[in-house]
Amino acid sequence: PPLVIYITAATSAQLQLLPDIGPTLGARIVADRDANGPFATPEDLLRVRGIGEKTLANIRPFITCAAGAP
C-alpha cells in the first residue's frame, strides 16, 4: 500500500516524506497546525505559505486528515 501521512498529527520529519515538502514547508505546516488547529480537509493546507494548488495536487494521494483513514 502507498504511504499515507496523517497531516493532523505528523511531525515535520514525517511530512518531509511527501513530494515537494522539505524542511521549511514541513516546519510551516506544523507551525500553522499549532497556531490554527488541526487540518479538517486537505484543502486547509492551502493556508500554509508555500503550498499552492500544484503542491496540494502532488501530495493529495499521500495524505489524510482522518485518523486511521487512507
Problem - Members of segment 3-26 that are of a type in the set (S, T, N, Q), more than 9 Å from the chain's Cα centre (by Cα) and more than 16 Å from residue 49 (Cα to Cα) - result: 11, 14
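Looking at residue 30, is it touching a strand residue (DSSP E or B) at 6+ places or on another chain (Cβ under 6 Å) and either aromatic (Phe, Trp, Tyr) or open to solvent by 20 Å² or more (accessible area, probe 1.4 Å) (or both)? It would help to see each step written out before you state the result.
On the way: touching a strand residue (DSSP E or B) at 6+ places or on another chain (Cβ under 6 Å): no; either aromatic (Phe, Trp, Tyr) or open to solvent by 20 Å² or more (accessible area, probe 1.4 Å) (or both): yes.
Here the answer is no, as residue 30 does not meet what is asked.
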Fill in the blank from the handout: Note: among 24, 55, 8, just one is part of a loop (DSSP other than H, G, I, E, B) and hydroxyl-bearing (Ser, Thr, Tyr), namely 8
Practice task
Quick one: which residue in 59, 29 is of a type outside the set (S, T, N, Q), touching a Phe, Trp or Tyr at 6+ places or on another chain (Cβ under 9 Å) and modelled with pLDDT of 95 or more?
Solution key: 29
Completion exercise
Being surrounded by fewer than 12 Cβ atoms within 10 Å (Cβ to Cβ), touching a Gly at 6+ places or on another chain (Cβ under 8 Å) and modelled with pLDDT of 95 or more narrows 35, 13 down to just 13
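The values are calculated or read from the model by the stated rules, or taken from the named source; none is laboratory data. These numbers were taken from a predicted model, which means no experiment stands behind them. Here Cβ is always computed from backbone atoms with ideal geometry, including for glycine, and neighbour counts include all displayed protein chains. Surface areas here come from the heavy atoms of the whole protein model, side chains and all, with no ligands, DNA or RNA. Shrake-Rupley method; radii C 1.70, N 1.55, O 1.52, S 1.80 Å.
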